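Written below as structure tokens is the structure these notes are about.
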């Protein structure tokens, strides 16, 4: 074999080796790309599954939180009512101990005053004289000093 043939065979072997190496390199890159695509699909599917599971957990937590909020609100309203009732009862008891009028006492007194006012109006209507007789019968009165109210005693 001649040197030219040997050199040509060597060049051919180098080209084949280079082409084979390049093909292997490209095959490796293709494999990496395939794995990347597959992993993205798998990862997307996994993320979708996890998100769906997360939605159900989130929904359960929201429901539980809403129920706890409602129960807490109900308890707070009941405690407020209890506190209001207790304060009113204690205030009423204290006012009675001190001999002062309570809200109910004032309401009863106001009702009695209203009843008395109606009775006075009825009585005045029964004994009312016609306006002409009142003016004729009454002589002109001398101006009088206003009546003094009696002094109230301090307790």
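Return yes when residue 132 is modelled with pLDDT under 85, exposed (fewer than 10 other Cβ atoms within 10 Å of the Cβ) and part of a helix (DSSP H, G or I) and no when it is not. Spelling it out, residue 132 is indeed modelled with pLDDT under 85, exposed (fewer than 10 other Cβ atoms within 10 Å of the Cβ) and part of a helix (DSSP H, G or I). For residue 82, the conditions (1) assigned to a helix (DSSP H, G or I); (2) on the phi > 0 side of the Ramachandran plot all hold with the exception of (2). Among the residues of the range 91-103, those identified as surrounded by 10 or more Cβ atoms within 10 Å (Cβ to Cβ) and either in a helix (DSSP H, G or I) or at positive phi (or both) are 91, 92, 93, 94, 95, 96, 103.
The values are calculated or read from the model by the stated rules, or taken from the named source; none is laboratory data. Every value quoted in this text rests on a predicted model; they were computed, and no experiment measured them. No Cβ is skipped: glycine too gets one built from the backbone with ideal geometry, and neighbour counts run over all protein chains shown.
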